[in-house]
Every structure is written in structure tokens, then in C-alpha cells.
Amino acid sequence: MPTPVATICNLTATGDVIIGPGALTTMVKGLPVACLGDAVAGAMCISGVITMTTAINKLAKGRPTANLSSMVMGVSMLGIPVSTAVMVCPNVNEIV
């Protein structure tokens, strides 16, 4: 099932922000598309990386793009492993 593409500044379920670097040459609504391996940071996940996406056939700069429900793995401030999903993708015009 197609899902909206994630961009830099979109949020995870825990309120953390995708910070990039993204695919700077592939823009959606003026923001770079988020890709597998991009960094995620915030209050719950201070060092996270997008680790899994369902959009494996949609590439940006040679990397699979992130989308709604892409998984993020990281570590909390206490050193506890955190797993969350990309949940806020207001880019409904761009579907992958």
C-alpha cells in the first residue's frame, strides 16, 4: 500500500525530528526527502537512525526513501535502546 514520503523535519511517534542529511537534490514541498540512514534526534531518542523503510524501490541519491511507518532505532538519554516509527508525514501529495 502506498504511503506518504517523509522529509527532513517530519516527526516520529515519540516526537523526535528527522534531521538529515536527506537527499538534498530531491525535494518535496521545499524540504529534502528523508532516506534510509538519516539521523533522528529529540527528547526521547538523542541519537537515532532510520533503519527500515517499505519504499525499497524508490531511491533518492542512491538510498531508499523513508516514508510513513519507516522504523527508527536509537538510544535515549539514559542509554536505553529506543525503537519508534515515522508518524507525521504531511506530504500527502507525494506517495511512494
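Okay, here's what the table says:
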| quantity | calculated |
| --- | --- |
| Cut-off under 5 Å, modelled amide H: who pairs with VAL72 long-range | THR51, THR84, ALA85, VAL86 |
| Cα-Cα pairs of the chain separated by more than 21 Å (percent) | 21 percent |
| J(HN,Hα) series, the range 11-22, from Karplus relation 6.51 cos²θ - 1.76 cosθ + 1.60, nearest Hz, glycine and proline x | 10, 8, 5, 8, x, 7, 10, 6, 10, x, x, x |
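Every number in this text was worked out from the coordinates using simple rules, so none of it is lab data. As the structure is a prediction and not an experimental result, all values here were calculated from the model.
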